[in-house]
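Here's the structure we're looking at; comments come further down.
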Amino acid sequence: MKSDILVIDPSIAGISGDMMLSSIVDIGADEKLVIENLESIKDYFKSCKKLEISFKDVTKNGFRAKKADIVIEEDKNSHNVDELNYNLERSIENVSISNNAKAFIKNSFENLISAESALHGINKKEMHLHEAGSIDTFVDIIGTGIALDNLELFDLKEIITTPVSVGGGDITFSHGKMQNPAPAILEIARRNDIMIRGGPGMYETATPTGMAMLAALVEESQEIFPGIKPELIGIGAGSSEFKEIPNILRITLGKKSTLLTDEIAIIETNIDDRTGEELGYAMQRIIDNGALDVSLIPTIGKKGRPSNVLKVITNLSKSEFFSDLVMRETGTLGVRVYPMSRFIQMRENLKASITINNNDEEIDVKVVKSESGEIIQFKPEFDQIVKLSEKYKINLIELKDDISKQIQRELFN
């Protein structure tokens with residue numbers, strides 16, 4: 001079975017350049033090849049006097065992980081962008097990697113300098129980089145490109161990321177001190193539609209280099225881990241030690257489920273002080289506003305009172321809207337929200353031509369298909385059948401059967 005999806009999971013302890021590099025090596029990239037190619041780039045950075053790289057297994061809060069040990073000696077702490085771009089171009093010219101890998105390396109660095117340029121409001125050519133201009137940034141980016149290319153991961157159908165944990169508390173960097181996340185993290189996330197979230201501790205858990213590489217690599221950022229049959233798991237370790245969490249980045253390579261997946265939220269609340277008519281009206285309002293589904297489940301509440309659980313299913317992005325709508329329409333003081341993923345079958349909506357009493361009509365039909373495109377089942381729109389039944393004064397059940405037979409002939413002949 002050929003792998004077709006890579007999931008990068010920085011929701012545990014964020015992401016950094018060395019964590020990304022280590023996780024790809026851990027999943028099976030040729031360690032010797034990566035080291036040999038990386039140590040050769042020192043010759044293209046005049047300020048670099050020493051560059052040594054090795055990988056070792058470590059333990060982070062009980063979890064085994066791969067860690068990159070990078071020893072660097074530099075005699076310069078501020079770097080001109082044009083000079084860095086020139087050094088980057090020369091260094092990757094002499095590394096045997098694909099065009100996709102070179103594009104990833106260049107895009108990663110471009111993400112870094114574009115974010116800095118936007119933040120400071122200056123032209124890229126006028127910029128001087130501090131932390132992001134050190135050779136260890138290029139070791140992380142070029143090394144990751146080499147490792148990904150070695151495993152042919154640029155050929156995957158899909159590469160996605162879960163939300164990036166950015167930590168909390170204050171950070172100190174070349175431009176001063178401020179609260180997490182760093183401005184460059186926010187800017188890269190904004191430009192590339194990458195979800196971020198605070199925590200899990202009062203540490204800096206995401207670096208601009210890690211974010212820049214993530215943005216250059218992934219095609220989608222989603223809240224929930226997707227449906228996947230895992231084949232290989234790589235774990236990269238960060239340098240810091242955290243008490244609450246293992247400082248690791250986890251990546252999973254595998255085969256994506258043949259069923260479609262999407263991200264939803266289930267919103268529910270207990271209600272014991274509304275009439276059936278009021279609840280019916282609220283349910284209709286929720287459906288009219290685009291909820292995927294709504295249901296009412298009878299139950300027994302506190303003190304033995306008859307009660308109901310109102311449950312709404314909606315797209316994850318609309319969970320706040322529907323939480324507010326449920327509270328406004330029912331008067332409940334709070335709701336529970338459960339983000340999750342679901343498997344769904346491929347479906348499409350078609351218009352079918354039918355004949356009723358020698359008159360031509362059209363009706364909407366929901367068609368469910370297999371992965372190969374084979375029709376599994378179909379369902380004509382019931383409300384339209386009701387209207388046609390009333391229009392032609394024909395028994396609803398008889399008309400429904402007749403319409404289904406006509407649609408079946410049209411779809412399968």
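Worth a mention:
- Checked against (1) under 16 Å from Gln408 (Cα atoms); (2) surrounded by fewer than 13 Cβ atoms within 10 Å (Cβ to Cβ); (3) of a type outside the set (Phe, Trp, Tyr); (4) in contact with a helix residue (DSSP H, G or I) (Cβ under 6 Å, 6 or more places away or on another chain), Asn357 passes all but a single condition, namely (1).
- Any hit, the range 289-311, residues being part of a strand (DSSP E or B), in contact (Cβ under 8 Å) with a residue 12 or more places away in the chain, touching an Asp or Glu at 6+ places or on another chain (Cβ under 7 Å) and within 28 Å of Gln384 (Cα to Cα): yes
- Just one residue in the set Lys400, Lys366, Lys393 is free of Cβ contacts under 8 Å to residues at least 60 places away in the same chain and under 14 Å from Glu348 (Cβ atoms); that residue is Lys366.
- Flag if Ala215 is of a type in the set (Gly, Ala, Ser), within 18 Å of Ala103 (Cβ to Cβ) and surrounded by 16 or more Cβ atoms within 10 Å (Cβ to Cβ): yes
- Test: residue in the range 318-333 that is among the polar types (S, T, N, Q) and over 25 Å from Leu292 (Cβ atoms): no
- Residue count for the range 368-393, restricted to those that are in contact with an Asp or Glu (Cβ under 8 Å, 6 or more places away or on another chain) and farther than 18 Å from Ser353 by Cα: 1.
- The requirement of being over 30 Å from Phe343 (Cβ atoms) and either in contact with a Cys (Cβ under 7 Å, 6 or more places away or on another chain) or not hydrophobic (A, V, I, L, M, F, W, C) (or both) is satisfied by Asp360.
- Taking the criterion of being surrounded by fewer than 21 Cβ atoms within 10 Å (Cβ to Cβ) and within 30 Å of the chain's Cα centre (by Cα), the residues of the range 12-32 that qualify are Ile12, Gly28, Asp30, Glu31.
- Scan of the range 322-350 for residues that are outside any strand (DSSP E or B) and either touching a residue at least 24 places away in the same chain (Cβ under 8 Å) or surrounded by 14 or more Cβ atoms within 10 Å (Cβ to Cβ) (or both), ordered by number: Phe322, Ser323, Leu325, Val326, Met327, Glu329, Thr330, Gly331, Thr332, Gly334, Val335, Gln345
- Only one of the numbered conditions (1) touching a Ser or Thr at 6+ places or on another chain (Cβ under 6 Å); (2) surrounded by 19 or more Cβ atoms within 10 Å (Cβ to Cβ) is not met by Met195, and that is (2).
- Qualifying residue in the range 27-45 (condition: assigned by TED's automatic domain parsing to the domain that holds Pro200, modelled with pLDDT of 95 or more and among the small types (Gly, Ala, Ser)): yes
- Hey, Gly176 surrounded by fewer than 16 Cβ atoms within 10 Å (Cβ to Cβ) and modelled with pLDDT under 90 or not: yes
- Hits in the range 333-372 - residues which are under 32 Å from the mean Cα position of the chain (by Cα) and hydroxyl-bearing (Ser, Thr, Tyr): Tyr338, Ser341, Ser370, Ser372
- Residue in the range 217-224 that is assigned by TED's automatic domain parsing to the domain that holds Pro10, in a helix (DSSP H, G or I) and either over 30 Å from Leu112 (Cβ atoms) or in contact (Cβ under 8 Å) with a residue 12 or more places away in the chain (or both) present: yes
- Hits in the range 68-93 (condition: touching a residue at least 40 places away in the same chain (Cβ under 8 Å) and either of a type in the set (Phe, Trp, Tyr) or out of contact with any Phe, Trp or Tyr (no Cβ under 7 Å at 6 or more places or on another chain) (or both)): Ile70, Ile72, Glu74, Asn77, Ser78, His79, Asn80, Val81, Asp82, Leu84, Ile92
- The range 47-91, subset farther than 21 Å from Ser22 by Cα and hydroxyl-bearing (Ser, Thr, Tyr), residue farthest from the chain's Cα centre (by Cα): Ser47
The values are calculated or read from the model by the stated rules, or taken from the named source; none is laboratory data. These numbers were taken from a predicted model, which means no experiment stands behind them. So basically every Cβ, Gly included, is an ideal-geometry build from the backbone, and we count neighbours across all protein chains shown.
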